[in-house]
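The values are calculated or read from the model by the stated rules, or taken from the named source; none is laboratory data. Remember, it's a predicted structure, so these values are computed and weren't measured experimentally. Heads up, the Cβs are rebuilt from the backbone with ideal geometry, glycines too, and the neighbour counts pull from every protein chain shown. With ligands, DNA and RNA removed, areas are computed over all heavy atoms of the protein, side chains included. Shrake-Rupley method; radii C 1.70, N 1.55, O 1.52, S 1.80 Å.
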Amino acid sequence: MKLDFQDHAFRAAVLELIRRASTDLAPDVVRAIQTARENEDEGSAARGVLSAILKNIERAREKSTPICQDTGTNMYEVTLPLGVSMRRIDTLIREATREATEKVYLRPNAVDPVTGKNSGDNTGVFAPYIHFEEWDEPAIGVKLLLKGGGCENVSTQYTLPDVTLKAGRDLEGVYKSVVDAVVKAQGRGCAPGILGVGVGGDRSSGMMLAKKQLFRRLDDTHPDPELAQLEFRLLKDLNSLGIGPMGFGGKTTALAVKIGVAHRLPASFFVSVAYMCWADRKHSMRFTPDEVSYD
């Protein structure tokens, strides 16, 4: 399948995708925060925090400025039709990333772990991170997640069974692991958080699976009834912990819990928890030579 397009057109489309992700939260996230605010007690710290967050979201959208000073790690999921070069797309995304940094849609966030030097343009080894897949559509699909450092620092992984948690190799063990992760995070992940959970896989694929869940709509329902019930149960119970927005207490510790599964080795059972802050900066686009649509 041949897809003829100009490099500058795709690069400009990615630049706009970055701008939207950095400065304008998706509607499902905004609705979840608005609902959470209304659920908090009048005059409470929790309601005040959520009110400030909503004001921040509104001003960032109006002024087209980053929602948070930490514009995070740039994570892409790209789906290509047969015949489109991954190297070409990688190059164009990197070019758009450099331009987005110049325009201050992104803060320079790519640091060499050996020298400590910041590249200054958000590019480097695995920066930005781009995962490619192939599909049969006559278009290029791009999903972008900007994941901040604070919430990444409280992301974690469990190996079951876990004697300390009394967590076995089953969904009840998954439940105990996720609750433990949120209790340990408290407000440090910029709560209320969104929890992406990967069950199974190996250590690396399990965490990528967990992060993949963060692209889901907050108001969707898992097609597997058992996992849908676990997501619902976890969200309800996490919000009864009293941690609340930014750790100030309240009824809203999490906005959503999203679970994905992958086959595992008989010897391993990993539960990977990707914690996302309230600034769930995710946007997607569909690109063809004739049209670009954003979601």
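In table form, for the structure just shown:
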item: Between the stretch 1-78 and the stretch 217-295, the Cα center-to-center distance that results, in Å; result: 16 Å
item: Of 84, 144, 131, farthest towards positive along the dipole that unit charges on Lys, Arg, Asp, Glu beta carbons give the stretch 47-157; result: 144
item: Selection from 289, 45, 18, by position along the positive dipole direction of the chain (Cβ); result: 45
item: Tilt relative to the chain, helix 171-185 - C-alpha long axis, 0 to 90 degrees, to 10; result: 80 degrees
item: Alpha-carbon centroids, the stretch 149-199 and the stretch 90-127: separation in whole Å; result: 30 Å
item: Full-stretch length increase - residue 288, residue 169 - with 0.36 nm per residue and alpha-carbon distance subtracted; result: 38.3 nm
item: Span per principal axis, largest first, for the Cα atoms of the stretch 1-75 (Å); result: 57, 26, 22
item: At 1.567 mPa s and 4 °C, Stokes D of the chain from Kirkwood alpha-carbon radius, µm² per second; result: 65 µm²/s
item: Packing-based order for 82-92, 149-159, using average beta carbon neighbours within 10 Å, highest first; result: 149-159, 82-92
item: At R0 = 51 Å, FRET efficiency that the Cβ-Cβ distance of residue 132 and residue 186 yields, to 0.05; result: 0.90
item: For the chain, cysteines whose Cβ has no other cysteine Cβ within reach (under 4.7 Å); result: 68
item: Residue-normalised accessible area of the chain, given per residue in Å² at a 1.4 Å probe; result: 48 Å²
item: Debye-sum result for the stretch 78-179 in log10 I(q)/I(0), which assumes one identical scatterer on each alpha carbon, at q = 0.10, 0.12 Å⁻¹; result: -0.49, -0.65
item: Radius of gyration and maximum dimension Dmax of the stretch 145-215, Cα, Å; result: 12.1, 35
item: Whole-Hz couplings from phi, Karplus 6.51/-1.76/1.60, listed for the stretch 45-53; x for Gly and Pro; result: 4, 4, 5, x, 4, 5, 5, 5, 4
item: Percent RCO, i.e. relative contact order, over the stretch 1-91, from Cα pairs under 8 Å lying at least 6 residues apart; result: 42 percent
item: Of all accessible heavy-atom area on the chain, the percent that carbon and sulfur account for (1.4 Å); result: 53 percent
item: Given charges at beta-carbon only (K, R positive; D, E negative), |dipole| of the chain in Debye; result: 700 debye
item: Kirkwood hydrodynamic radius (C-alpha pairs) into Stokes-Einstein, the stretch 1-127, 37 °C and 0.692 mPa s, D in µm²/s; result: 195 µm²/s
item: Residue of 17, 54, 214 that the Gaussian network model of the chain assigns the largest fluctuation, springs spanning Cα pairs under 10 Å; result: 54
item: Cβ charges +1 (Lys, Arg) and -1 (Asp, Glu), total dipole of the stretch 162-295, debye; result: 420 debye
item: Overall form of the stretch 195-238 per C-alpha gyration tensor (a/c, 1.5; a/b vs b/c); result: prolate
item: Three principal axis lengths of the stretch 204-277 [C-alpha, angstrom, descending]; result: 40, 24, 22
item: Ellipticity estimate at 222 nm from DSSP helix runs (n ≥ 4, -39,500 (n - 2.57)) divided over the chain, nearest 500; result: -12000 deg cm²/dmol
item: Prolate/oblate/rounded label for the stretch 127-275 (Cα gyration tensor, a/c 1.5); result: oblate
item: DSSP bridge pairs, the chain: antiparallel proportion in percent, nearest 5; result: 70 percent
item: Among beta bridges that DSSP assigns inside the stretch 58-215, antiparallel share in %, nearest 5; result: 60 percent
